[in-house]
Amino acid sequence: MSGMLYGGDEIGALVFDPGHHSLRVGYAQEDTPKAEIPAVVGVAPDDTPKIEPETKPDESNVSSTAPAWKYYIDTTFLHTPRPSMDLHSYMKDGMIENWDLFEKIVDYSYDKIIQSESQYHPVLFSECPWNLRHKREKLTEIMFEKYKVPAFFLVKNAALAAFANGRATALVIDSGATHTSAVPVLDGYVITNAVVKSPLGGDYLILKAREMLEHMGIDLTPAALIASKEVVRDKDKPKYMKKKLSFQPTNSWMAYMIKKTVQDFQQNVIQVSESPFDERIAAGFPTIQHEFPTGYRQDFGPERFKLAEVLFDHAMLGAGHIAATSAGMCDVDIRPALYSSVVLTGGNSLVQGFSDRLSRDLSSRTPGSLRLKMIAANGTVERRFGSWVGGSILASIGTFQQMWMSMQEYQEAGKAQIDRKCP
């Protein structure tokens, strides 16, 4: 079995790239993931009536102990309000925290997206550079024991993002939903003791934007709760009808939907200024109009730039600072190689002007003797799914095929083998 090649045309390896915003999943060798599934699961009590009354006595000992739950996965199901549906994330600090919910998502990926049995496909998973040993072992165990995958591999997401941009050595700056991290990668391996991370990411930006919009008195009712709306002039009070629901949606659902509404605003409007924020300069830029789900419309000017500034104006947590700190913690000999390929990835890096500003901030901190080169893919797909694309490339390379940890190796040496196979 171990001599078998997994990357042939007949057997498609799968690539899973879990993150706080979503889980990307798809076949290796493809350019983009087959699906992007939000990283939250809706959990609601299952009150569908049981049909067979005669089988009741036998299963009563099973069902009476645990209440039945129904799980809602993926955008369509999450965006529909349901009675007492709470949304939970299975991720915490870049690592998988709630394994039951995570397995529900993996089940869904095989059933609905891949539509194939798990035992036919080797699986490559990305992980954050600070993933804990027991979590790596647990994931290995689940994949081999529950899903019976023929082969498995774990790679640090920063190394994959570097591969996606054609580099084996790079300083990877990954700005995602919950944090921004600077990770040095040398010859495809992460230098773990030089990883620096800051808690400023897309979610922090959305939080600040939401505070600002609510302070301006803008109604953030999500589209899922609006039955109809009328066209109104700029800054006029919105005229819309709310959907009549027989129940009150849960707080976690409302928070998630408002976050989506604000995220839409953020992607449309917010921009990072090239230099530190200056009200006078920002006032000279054209305004951008945004329409909210309620039909309310307004032009946004300097506040577009002021909001984005929160990602850079922290002396210790700004992206430029953590990148320079991370490079400074590495050996002096490899710093030139890191500075000459600074790879930018992560969905948050798509905020307009992010890469230009980072480049400027970093060049002011780069030692004069070193040449700085920023690599930021132009396409949104490559930037948002950087580590997935890297995994897709890696799992389809011929020389990688002998690296897989096979089912046979797992059965012989157990889950602890993963640390040796996938450092």
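The values are calculated or read from the model by the stated rules, or taken from the named source; none is laboratory data. Note that the structure is predicted; figures quoted are calculated from it, not measured. Backbone-built Cβ (ideal geometry, glycine too); neighbour counts: all protein chains shown.
Details
- Selection count, region 281-340, where residues are crowded, with 18+ Cβ neighbours inside 10 Å and more than 30 Å from Met257 (Cα to Cα): 11
- Number of the condition not met by Leu160 [criteria: (1) touching a Ser or Thr at 6+ places or on another chain (Cβ under 8 Å); (2) surrounded by fewer than 20 Cβ atoms within 10 Å (Cβ to Cβ)]: (2)
- Strands (runs of 3 or more DSSP E) lying entirely in region 115-197 (those with 2 or more residues that are farther than 19 Å from Pro18 by Cα and touching a residue at least 60 places away in the same chain (Cβ under 8 Å)): 170-175, 180-186
- Filtered by the rule that a residue be surrounded by 16 or more Cβ atoms within 10 Å (Cβ to Cβ) and among the hydroxyl-bearing types (Ser, Thr, Tyr), region 170-202 gives Ser175, Thr178, Thr180, Ser181, Ser198.
Yes/no matrix, rows are residues, columns are (1) assigned to a strand (DSSP E or B); (2) surrounded by 13 or more Cβ atoms within 10 Å (Cβ to Cβ); (3) modelled with pLDDT of 95 or more; (4) out of contact with any strand residue (DSSP E or B) (no Cβ under 8 Å at 6 or more places or on another chain):
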site: Tyr204; (1), (2), (3), (4): no, yes, no, yes
site: Ala209; (1), (2), (3), (4): no, yes, yes, yes
site: Val231; (1), (2), (3), (4): no, no, no, yes
site: Lys235; (1), (2), (3), (4): no, no, no, no
site: Lys244; (1), (2), (3), (4): no, no, no, no
site: Phe247; (1), (2), (3), (4): no, no, no, yes
site: Trp253; (1), (2), (3), (4): no, yes, yes, no
site: Thr261; (1), (2), (3), (4): no, yes, yes, yes
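- Filter result for Gln266 (crowded, with 19+ Cβ neighbours inside 10 Å and under 30 Å from Ser84 (Cβ atoms)): yes
- With respect to being buried (at least 18 other Cβ atoms within 10 Å of the Cβ) and either under 21 Å from Lys92 (Cβ atoms) or modelled with pLDDT of 95 or more (or both), His134 falls outside the description.
- So Asp264, is it in contact with a Ser or Thr (Cβ under 7 Å, 6 or more places away or on another chain), acidic (Asp, Glu) and not assigned by TED's automatic domain parsing to the domain that holds Leu186: no
Let's see how each residue does on (1) of a type in the set (D, E, K, R); (2) more than 27 Å from Gly26 (Cα to Cα):
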position: Val310; (1), (2): no, yes
position: Ala323; (1), (2): no, yes
position: Asp331; (1), (2): yes, yes
position: Val342; (1), (2): no, no
position: Ser349; (1), (2): no, no
position: Asp356; (1), (2): yes, yes
position: Arg360; (1), (2): yes, yes
position: Phe385; (1), (2): no, no
position: Ile393; (1), (2): no, no
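- Residues that are more than 19 Å from the chain's Cα centre (by Cα) and exposed (fewer than 13 other Cβ atoms within 10 Å of the Cβ) within region 368-423 comprise Gly368, Ser369, Arg371, Lys373, Gly398, Thr399, Gln402, Gln411, Glu412, Ala416, Arg420, Pro423, listed in sequence order.
- Residue list for region 263-293, restricted to those being part of a loop (DSSP other than H, G, I, E, B), farther than 30 Å from Phe77 by Cα and of a type outside the set (A, V, I, L, M): Ser273, Glu274, Ser275, Pro276, Phe277, Asp278, Gly284, Phe285, Pro286, Thr287
- Region 298-337: number of residues that are assigned to a loop (DSSP other than H, G, I, E, B) and under 28 Å from the mean Cα position of the chain (by Cα): 9
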